[in-house]
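J.: Here it is, the structure in full.
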């Protein structure tokens with residue numbers, strides 16, 4: 001389990017629910033558009049709203065965005081997304097609850113060096129600590145959290161010279177920055193290993209967590225497959241990468257990166273969390289694909305059951321075609337709806353039959369009525 005940190009009023013890690021976040025795609029200088037989109041994101045379930053701050057002016061405008069959100073009754077924590085401009089990070093850290101920085105932005109760039117001696121390697125690490133010291137001091141003074149976000153493809157020349165553009169390089173880069181922060185007694189950190197390649201994202205995150213734990217570190221982890229695309233492909237890539245790590249017990253916050261309106265990301269994130277049992281926010285349905293043994297319209301029944309039980313958060317309902325495999329394969333279900341003959345349904349509580357051979361036209365209502373009465377007891 002990771003340590004728990006605070007991002008404004010929100011707890012992250014240390015047994016807190018896996019948090020769902022997303023990022024606005026409006027012009028940060030357009031306060032109204034950014035606020036309106038942030039409100040839609042929160043309405044969809046977003047718990048952390050990230051906003052780009054490409055320069056100091058945009059960073060300063062985060063304060064106006066924050067003020068307007070608060071005026072509208074929205075206290076969602078804001079995260080400033082920083083690229084290439086350490087000064088913007090310093091300004092943003094005084095205004096919002098968290099900043100995200102890329103390690104590559106604090107390293108020597110465009111030196112053309114292909115090899116580094118041990119002394120040269122260590123000298124650059126020292127310079128990184130010096131460059132980050134102002135930001136770290138501001139974050140400590142304002143209780144601002146920081147995400148160190150390592151991205152595949154944006155590693156420093158120093159890291160590339162020793163490890164290449166590999167998961168090992170990504171993990172090592174993040175570890176070095178963790179040490180820089182710890183040396184300055186700053187620990188409100190979150191780490192991420194982002195890649196558009198699912199395997200690279202999973203491998204680098206696992207490797208970083210192994211290295212971190214070996215050093216006695218326990219920082220929260222942010223999960224996401226970056227630039228996943230849109231539609232089914234974007235959803236499947238995100239589910240594969242995020243889900244694999246959550247099943248390992250890794251991950252304290254997630255972002256599904258879709259080329260769609262950001263509001264579309266939250267339902268997918270919660271679906272992934274539900275599927276792996278990391279955070280239960282809706283009912284769960286165990287339903288067979290059916291076969292020639294099924295003697296009722298199972299597709300219609302499942303749709304109707306889902307419509308009428310969507311309010312039963314955490315309840316597992318099995319919808320099975322027949323009794324051959326039904327009762328056994330829905331063993332994890334709290335309640336069951338199983339075909340038992342032509343147009344006939346038998347209802348279960350766990351593995352016990354509660355009512356036999358109900359006509360299919362009445363069976364869904366009978367199931368819902370039974371569940372609701374049973375949960376009142």
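The values are calculated or read from the model by the stated rules, or taken from the named source; none is laboratory data. Everything numeric here is computed off the predicted structure, so don't read it as measured data. When we count neighbours, we look across all protein chains shown, and the Cβ atoms used for this are built from the backbone with ideal geometry, even at glycine.
J.: Hey, which of the helices (runs of 4 or more DSSP H) in region 107-194, taking only ones fully inside, have at least 1 residues that are closer than 30 Å to residue 10 by Cβ and in contact with a helix residue (DSSP H, G or I) (Cβ under 8 Å, 6 or more places away or on another chain)?
T.: On the way: elements: 118-142, 157-163, 167-183.
The qualifying helices (runs of 4 or more DSSP H) are 118-142, 167-183.
J.: Taking residue 288 as meeting all but one of (1) outside the structural domain of residue 100 (by TED's automatic domain parsing); (2) closer than 22 Å to residue 46 by Cα, write down the number of the exception.
T.: All conditions are met except number (2).
J.: Right, another one. Does residue 73 meet the test of being touching a residue at least 40 places away in the same chain (Cβ under 8 Å), at positive phi and either in a loop (DSSP other than H, G, I, E, B) or surrounded by fewer than 15 Cβ atoms within 10 Å (Cβ to Cβ) (or both)?
T.: When the stated conditions are applied, residue 73 does not pass them.
J.: Given 230, 248, 297, which one is closer than 30 Å to residue 50 by Cβ and at pLDDT below 95?
T.: 230
J.: Just one of 314, 292 is over 22 Å from residue 352 (Cα atoms) and in a loop (DSSP other than H, G, I, E, B); which is it?
T.: Of the residues listed, the single one that is over 22 Å from residue 352 (Cα atoms) and in a loop (DSSP other than H, G, I, E, B) is 292.
J.: Next question, about the same structure. Tally time: how many residues in region 229-260 are in contact with a helix residue (DSSP H, G or I) (Cβ under 8 Å, 6 or more places away or on another chain) and in a loop (DSSP other than H, G, I, E, B)? Give the steps one after another, and end with the answer.
T.: From region 229-260, those in contact with a helix residue (DSSP H, G or I) (Cβ under 8 Å, 6 or more places away or on another chain) are 229, 235, 237-246, 248, 250-251, 254-260; that's our starting set.
With the extra rule that they be in a loop (DSSP other than H, G, I, E, B), the set shrinks to 229, 248, 250-251, 255-260.
The qualifying residues number 10.
J.: Given 221, 286, which one is closer than 30 Å to residue 361 by Cα, in contact (Cβ under 8 Å) with a residue 24 or more places away in the chain and crowded, with 16+ Cβ neighbours inside 10 Å?
T.: Working: 221 fails: closer than 30 Å to residue 361 by Cα.
Criteria check complete, one pass: 286.
J.: If I go through region 318-364 residue by residue, how many of them are assigned to a helix (DSSP H, G or I) and free of Cβ contacts under 8 Å to residues at least 24 places away in the same chain? Spell out the reasoning first.
T.: The initial filter retains those residues of region 318-364 that are assigned to a helix (DSSP H, G or I), namely 326-329, 360-364.
Next, only the ones that are free of Cβ contacts under 8 Å to residues at least 24 places away in the same chain stay: 328, 361-362.
Total satisfying the criteria: 3.
J.: Looking at (1) part of a strand (DSSP E or B); (2) touching a helix residue (DSSP H, G or I) at 6+ places or on another chain (Cβ under 9 Å); (3) within 24 Å of residue 25 (Cβ to Cβ), which is the one condition that is false for residue 286?
T.: Result: residue 286 fails condition (3) only.
J.: Give the residue, chosen from 21, 4, that is in contact with a strand residue (DSSP E or B) (Cβ under 7 Å, 6 or more places away or on another chain) and exposed (fewer than 15 other Cβ atoms within 10 Å of the Cβ).
T.: 4
J.: Going by what's in this entry, would residue 61 be described as outside any loop (DSSP other than H, G, I, E, B), modelled with pLDDT of 90 or more and closer than 30 Å to residue 25 by Cα?
T.: yes
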